[in-house]
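Please read the structure below before turning to the comments.
What follows is calculated from the coordinates using simple rules that are stated; it is not laboratory data. Just so you know, these numbers come straight off a predicted model, no measurement behind them. Methodologically, a virtual Cβ is constructed for each residue, glycine included, from the backbone with ideal geometry; neighbour enumeration extends over all protein chains shown.
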């Protein structure tokens, strides 16, 4: 199987999603240790920090930071979005670094384009910002598998976030390559965050010390620190000689006091001061913080921020600007309750942050400016760069369409065959969809045995290209009706909806069990089906180009076979502007604009429109493709208003 996996992975090598994920590597000033800031000041020796405060160049320093993830913001907007940081009174930018975003395929590292971390740091330097890097290897971040690369799941006995040999070996290679990328941007010493919120997860007390040694061996000389909420601080084993930092949304006075009891005579730092919350499909848009509280009103945000400043605590606003889960990079969670179901996160990562997904400055931003002016006695703040303009390009009707069988035919370069179905990981088809096809015989009622939960995450069942049923989590079987005993083309279209990025304490093994696709033989009416063709549908740039070349595009799209792909073409005169795609009347699928995978859509909500940044549009002709699974609408709309719920 290892050889087969390698062979198939090569086959899919050009069939990649447009994005990857971040880790936890925070560089800042620390008491009794020298500071490392990333390329933000002239290269001189960083000063010591004395007592309970940070300092830089001999001057006392409080870190007022905001979180913005380069992998969630188009590079064309890094500069504009960063201009909002000093305008809000902040002196620092923080970001995770997702491992899977840079090493999607084992041994192939990418630091160009969206992944150009150096350019991101240099852009922050332009705005006078310190940079906190958070490098993991696990980062959570509502990102696919918490930033861990899916190819880890092909390693026998893999146990993530542990001292298991295979995991540490892969982690060492990654961190060594990452640090090489940023090493010359450092000062002489600074703290580096080890892992992320490991206190509540902890199963292996040797894990954090092992990561510490990996970082040291990679050339890091800085002080290490850990990041946890109050529960993790109480449950976890402190890492020797590491700075403890805390996460919170409310009760700052008590929380900071508790942190100082755990860690006297050291700076108090809130690594994540949660300014809002993320959304998942089928829920309302969270605008008031924790969804189970929804009490984080604007006045409470102001009061909490003032309390942190008056407590002389440093903090990082998580999030300051949220961005977008482009492509198939969203994560998911196991939601509590009797069903304990998996729920994927939505495409928007607006987070109700101070700066919206589309760049809007929200009321929280204005109030933050007021707090910083009044509490810190700042007379004036710089103006940010203008918010990019928006445009309404109107309603569009599909010009042509493809059925699923035609999509698979056009995607033959991304297909392979085997006697038994193969998981997405073994195929090297880590994200998106895989169409599994074989033949079946027999008429009447047909039952697929699913008692082992070996079809993940969600699937559509097709017979001769027609939809006949679906498979969803925790189903013990799925049935469909066959019209005759003749041979039929039998297809299971499986979607990886996003690997889980966070589990509750005690659910650790769920994180290790994130393989997707079909994981075992398929039996229909007790008979095992063999001889499968498997086609990866990644809907990335390479795949988009293959679909464009298909000769099967049909102009009859009012009653098409579903699932299917729908093409829309429109022209822009003048410079492109941001727009928001609204697929009203459509049910569930994926949006691709000029070959760029915008992400998933669903009528479950709360999100109703999908952000299309101007840098992916072109003056002249533009092409949109909509992959719809179950129900197509008549038109789509490109409007100038973002509707998040």
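The relative contact order of region 199-325, computed from alpha carbon pairs under 8 Å that lie at least 6 residues apart in sequence, is 21 percent. Ordering 509-517, 110-118 by mean Cβ neighbour count within 10 Å, with the highest value first, yields 509-517, 110-118.
Against the chain, whose longest principal axis is taken from its Cα atoms, helix 207-217 shows a tilt of about 70°.
What translational diffusion coefficient, to the nearest whole µm²/s, does region 301-414 have by Stokes-Einstein, given a Kirkwood radius computed over alpha-carbon pairs, a temperature of 25 °C and 0.890 mPa s viscosity? This corresponds to a translational diffusion coefficient of 129 µm²/s. When only Cα pairs below 8 angstrom with a gap of at least 6 residues are kept, region 560-645 shows a relative contact order of 46 percent.
Among 401, 557, the ranking by other beta carbons within 10 Å of each residue's beta carbon, starting with the fewest, stands as 557, 401. Evaluate E = 1/(1 + (r/R0)^6) for residue 523 and residue 409, where r is the Cβ-Cβ distance and R0 equals 30 Å; express this FRET efficiency to the nearest 0.05. About 0.65, to the nearest 0.05.
Extension gain, residue 550 to residue 122: 0.36 nm times the residue separation minus the Cα-Cα distance gives 149.9 nm.
Taking every DSSP beta bridge that has both ends in the chain, the antiparallel portion is near 75%.
With a Förster radius of 51 Å applied to the C-beta separation of residue 440 and residue 169, the computed FRET efficiency comes to 0.75.
Computed on the Cα trace of region 182-260, the radius of gyration divided by the Kirkwood hydrodynamic radius gives Rg/Rh = 1.01. Ranked by how many other Cβ atoms sit within 10 Å of their own Cβ, fewest first, the residues 123, 417, 92 fall in the order 417, 123, 92.
Placing pseudo-labels 7 Å out from each Cα toward the beta carbon at residue 473 and residue 341 gives an inter-label distance of 0.8 nm.
Note on region 468-532: Kirkwood radius taken over Cα pairs, Stokes-Einstein applied at 10 °C and 1.306 mPa s, translational D equal to 107 µm² s⁻¹.
Largest first, the three principal axis extents of the alpha carbons in the chain are 81, 56, 44 Å in whole numbers.
Modelled this way, with points 7 Å down the Cα-to-C-beta line, the labels at residue 395 and residue 298 are 3.5 nm from one another. Estimated purely from DSSP H runs of n ≥ 4, each contributing -39500 (n - 2.57), the mean residue ellipticity at 222 nm for the chain is -5500 deg cm²/dmol once divided by its residues.
Our analysis of region 385-471 gives Rg over Rh at 1.12, with the two radii drawn from alpha carbon positions and Rh computed by the Kirkwood formula. Cβ-to-Cβ counts within 10 Å put 495, 202 in ascending order as 202, 495, the fewest first. Spin-label model, residue 237/residue 447: points 7 Å from Cα along the beta carbon direction are separated by 4.9 nm.
Computed over the Cα atoms of region 420-530, the ratio of the radius of gyration to the Kirkwood radius (Rg/Rh) comes to 1.00.
On a 0 to 90 degree scale, rounded to 10, what angle separates helix 298-310 from the longest Cα axis of the chain? Here the helix axis deviates by roughly 40 degrees. Against the longest alpha carbon principal axis of the chain, how many degrees, from 0 to 90 and to the nearest 10, is the axis of helix 363-376 turned? Tilt relative to the chain: about 10 degrees.
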